[in-house]
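These notes are about the structure you will find just below.
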Amino acid sequence: MSNSVLGNLLVAFLLVAASSRIFFLKHERVDAVAVLVPLAFVASVLQIVAWNADAVSVLLFVLSCLAFFVNIRALSRVAAKSYADVYSPVFIVLSMLIAIASLAAAFLAVRYAPVNMMPKTYDVVETKTRLVGNFTDGFKEAGYFALSDATLYLYEPLGEKKSDAVVIVGSDKRGDAASYRPYMMLLAQKGYAVLTCDFYVDAWFSSLFDTRYVRRLAMLVSFFYDAERFSRQKDFYTFNMRREYAAMMALACQRFGDDVRFCIICDGMADNAAVDIVRQDASNVMSALALDSISEYRTPGFGFIEQTDPLLAAYFGHARDKTAFIPRYLVLQTIKRLEQ
């Protein structure tokens, strides 16, 4: 079970424990259990900071905020070392609702847990590098205490490489690097170096929604709210993605040398930008492949959510898949293109 699931379960447990005290706490005892509520709030915030926002973590964050406001009076009495008074009917009802909703969130977290794919299982080295910089001056590795502007992900085989070319993966922003992780890991297992990057300096929303913590969720909400309007933004999307492809190629050159060649992988709204990059750098690009051009890929634009986001996959009618059948098939198709 992944740490993201364990974190969600911790928040749910704290909320249930705090809300359930209405059934066992008596009038003449100090209501110390109320201190679990601010702990749940802090844990829900840290959960989003560590793993980024998704449906379950946002639900638990909202519940922890509601629980905090519901328990303000109880917390003030704890701080004053006062005894617990009689719980009001409104407090009891709200506490019960919070407990039930928290149990539901815990169920969703377990039922739709991401498939836990470990690099060592596939003889792959996964390297994550925090970067600072911008698209004009370039990016470099961030210091320990610097706020990062991007995160670079590199997957390499433990054994001998099958090709000197570097595979660059450009994701549709309804997904992120984590959404394509099963595909990249399985491709690296076959002997290829695979590189992708999550950039946080793009002005997609020109607001706090551009931060890494909520950007993917904001993209999903934007798409589901008005899919046609989302699609009409493709020109703007292409402009931003061209800069991302160029930056990833520059980062690959820093890592593997200026004479490195590339295979460009794209998906969904990133396709047009990939075509432009191939035309612009034809001498350096060996081949290109649009994942959404393969009919077996059932969630174009969202990544391999049957492994990385089973709850979203269920919305589209697809079940959680521990076998990673679709990413394995797409890896085979990618290798065919690489070997042409």
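For the range 133-150, which residues satisfy the criterion of being more than 18 Å from residue 254 (Cα to Cα) and either open to solvent by 90 Å² or more (accessible area, probe 1.4 Å) or touching a residue at least 40 places away in the same chain (Cβ under 8 Å) (or both)? Answer for the range 133-150, where residues must be more than 18 Å from residue 254 (Cα to Cα) and either open to solvent by 90 Å² or more (accessible area, probe 1.4 Å) or touching a residue at least 40 places away in the same chain (Cβ under 8 Å) (or both): 144, 145, 147, 148. Scanning the range 217-232 for residues that are of a type outside the set (A, V, I, L, M), assigned to a helix (DSSP H, G or I) and open to solvent by less than 90 Å² (accessible area, probe 1.4 Å) turns up 222, 223, 224, 230, 231. Evaluation of residue 130 against the conditions (1) within 30 Å of residue 8 (Cβ to Cβ); (2) open to solvent by 50 Å² or more (accessible area, probe 1.4 Å); (3) over 16 Å from the mean Cα position of the chain (by Cα) shows that the sole unmet condition is (3). Looking at the range 325-340, can you tell me whether even one residue there is surrounded by 17 or more Cβ atoms within 10 Å (Cβ to Cβ) and touching a Cys at 6+ places or on another chain (Cβ under 7 Å)? So far as the range 325-340 goes, yes, one or more of its residues are surrounded by 17 or more Cβ atoms within 10 Å (Cβ to Cβ) and touching a Cys at 6+ places or on another chain (Cβ under 7 Å).
Among the residues of the range 191-216, those that are among the β-branched types (Val, Ile, Thr) and either in contact with a Lys or Arg (Cβ under 7 Å, 6 or more places away or on another chain) or farther than 30 Å from residue 157 by Cβ (or both) comprise 201, 211, 214. Here residue 140 meets each of (1) assigned to a strand (DSSP E or B); (2) closer than 30 Å to residue 327 by Cα with one exception, condition (2). Restricted to the range 24-36, and to residues there that are at pLDDT below 90 and part of a helix (DSSP H, G or I), the residue that is least open to solvent (accessible area, probe 1.4 Å) is 34. Once the range 272-291 is narrowed to residues that are in contact with a Ser or Thr (Cβ under 9 Å, 6 or more places away or on another chain) and closer than 19 Å to residue 179 by Cα, the residue that is surrounded by the fewest Cβ atoms within 10 Å (Cβ to Cβ) is 289.
Residue-wise test of (1) farther than 17 Å from residue 270 by Cα; (2) modelled with pLDDT of 95 or more; (3) not aromatic (Phe, Trp, Tyr).
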residue: 204; (1), (2), (3): no, no, no
residue: 210; (1), (2), (3): yes, no, yes
residue: 213; (1), (2), (3): yes, no, no
residue: 221; (1), (2), (3): yes, yes, yes
residue: 228; (1), (2), (3): no, no, yes
residue: 234; (1), (2), (3): no, no, yes
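In summary, residue 201 fulfils each of the numbered conditions (1) out of contact with any Phe, Trp or Tyr (no Cβ under 8 Å at 6 or more places or on another chain); (2) surrounded by fewer than 23 Cβ atoms within 10 Å (Cβ to Cβ); (3) among the hydrophobic types (A, V, I, L, M, F, W, C) with the single exception of condition (1).
Checked against (1) buried (at least 19 other Cβ atoms within 10 Å of the Cβ); (2) free of Cβ contacts under 8 Å to residues at least 40 places away in the same chain, residue 191 passes all but a single condition, namely (1). Meeting the requirement of 1 or more residues that are closer than 24 Å to residue 107 by Cα, the helices (runs of 4 or more DSSP H) wholly within the range 247-340 are 305-308, 310-315. Looking for whichever is within 20 Å of residue 57 (Cβ to Cβ) and of a type in the set (Ser, Thr, Tyr) here; the options are 151, 196. Which one fits? Step by step, each of 151, 196 is checked, and only 151 is within 20 Å of residue 57 (Cβ to Cβ) and of a type in the set (Ser, Thr, Tyr).
The values are calculated or read from the model by the stated rules, or taken from the named source; none is laboratory data. Here the structure is a predicted model, which means the values were calculated and not measured. Cβ: placed from backbone, ideal geometry, glycine included. Neighbour counts: every protein chain shown. Surface areas here come from the heavy atoms of the whole protein model, side chains and all, with no ligands, DNA or RNA. Shrake-Rupley method; radii C 1.70, N 1.55, O 1.52, S 1.80 Å.
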